Amino acid sequence: MIIKTSEFITSAVKRNQYPVDVRPEVAFVGRSNVGKSSIINALTNRKKLAKVSQTPGKTRLINFFLINDEMYLVDLPGYGYAKVSKKEKESWGKTIETYLIEREQLKKVVLLVDSRHKPTADDILMHEWIKHFGYKVIVIATKSDKLSNNEIGKSKKLIKETLKLGPEDEFYLFSSVKKNGKEELIDNIFGDLVEE
Ligand SMILES: Nc1nc2c(ncn2[C@@H]2O[C@H](COP(=O)(O)OP(=O)(O)O)[C@@H](O)[C@H]2O)c(=O)[nH]1
Ligand SMILES: [Mg+2]
């Protein structure tokens, strides 16, 4: 699949702010600063579709991007930023939970983790949450350009073990700087969303 067009449609917190549409959706989620905006820009071949490096934790919104007029890429608010209050964490949880529970056209979720670190307790919970709601998960370890070849092997092993991924679970390493394997990744994330 080739991404020809990508367009920001709207931001939402509450359900009644989601686009009124039936086209299929893929959601991207991960810790704040994991590289979510960067990978969205890399995959869509846009420099500023998603804003990179806003103050961490400041993005509380669900952002909807329309891809090829056929499907949506949905950017969920990042978690795990230390300097937010308990109240803000709760509101983050509600925003995500409502979306995961209510959104019928949501087909799968892409979970981003940092390739340089062991997945956090929040990453593990998020992974279990997504599976609990019955969605297919694709795990992508980001910023792989920061690892040596030797570290790449260790990182894969640590992430798969920590998230308890099986051979059937989809797992990728990706660098939004180098963008190797981008076409394959696009095919796997978006390719089966629209029937042709
Ligand atoms: N070296 C490297 N840096 C990255 C990569 N992806 C993101 N970054 C950097 O990590 C920081 C956070 O990225 P951003 O996309 O804003 O993360 P978000 O908070 O998850 O949306 C920024 O300084 C990015 O330039 C990557 O693949 N390689
Ligand atoms: Mg971001």
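The values are calculated or read from the model by the stated rules, or taken from the named source; none is laboratory data. Note that the structure is a prediction, hence the values are computed from the model and not measured. Backbone-built Cβ (ideal geometry, glycine too); neighbour counts: all protein chains shown. All accessible areas refer to the heavy atoms of the entire protein, side chains included, with ligands and DNA or RNA removed. Shrake-Rupley method; radii C 1.70, N 1.55, O 1.52, S 1.80 Å.
A few comments on the model shown:
- Residue within the range 31-50 that is over 30 Å from D145 (Cβ atoms) and modelled with pLDDT of 95 or more present: no
- Selected residue (only one of I159, I189 is farther than 20 Å from R23 by Cα and modelled with pLDDT of 95 or more): I159
- Near pairs, Cβ below 9 angstrom, 6+ apart or cross-chain, from the range 138-163 (closer than 23 Å to E128 by Cα and without any contact (Cβ under 8 Å) to a residue 60 or more places away in the chain) to any residue that is acidic (D, E) and not in a helix (DSSP H, G or I): I138/D169; I138/E170; V139/D169; V139/E170; A141/D114; K160/D169; L163/D169
- Single residue of L106, L66 found to be within 21 Å of Y172 (Cβ to Cβ) and either among the aliphatic types (A, V, I, L, M) or more than 10 Å from ligand 1 (Cβ to nearest atom) (or both): L106
- When E168 is tested against (1) in contact (Cβ under 8 Å) with a residue 12 or more places away in the chain; (2) closer than 28 Å to Y99 by Cα, just one condition goes unmet, and that condition is (1).
- Subset of the range 20-32 [open to solvent by 10 Å² or more (accessible area, probe 1.4 Å) and touching a residue at least 60 places away in the same chain (Cβ under 8 Å)]: D21, V22, R23, P24, R31
- Total residues in the range 95-114, condition over 19 Å from I39 (Cβ atoms) and touching an Asp or Glu at 6+ places or on another chain (Cβ under 7 Å): 2
- Enumeration of residues in the range 33-45 that are open to solvent by less than 100 Å² (accessible area, probe 1.4 Å) and in contact (Cβ under 8 Å) with a residue 40 or more places away in the chain: V34, G35, K36, S38, I39, N41, A42, L43, T44
- Residues located in the range 157-179, provided they are within 16 Å of ligand 1 (Cβ to nearest atom) and either on the phi > 0 side of the Ramachandran plot or over 18 Å from the mean Cα position of the chain (by Cα) (or both): K178, K179
- Identity of the residue in the range 1-19, open to solvent by less than 80 Å² (accessible area, probe 1.4 Å) and within 16 Å of ligand 1 (Cβ to nearest atom), that ends up modelled with the lowest pLDDT: S11
- Residues (of a type in the set (D, E, K, R) and either assigned to a strand (DSSP E or B) or more than 16 Å from ligand 2 (Cβ to nearest atom) (or both)) located in the range 13-41: K14, R15, D21, R23, E25, R31
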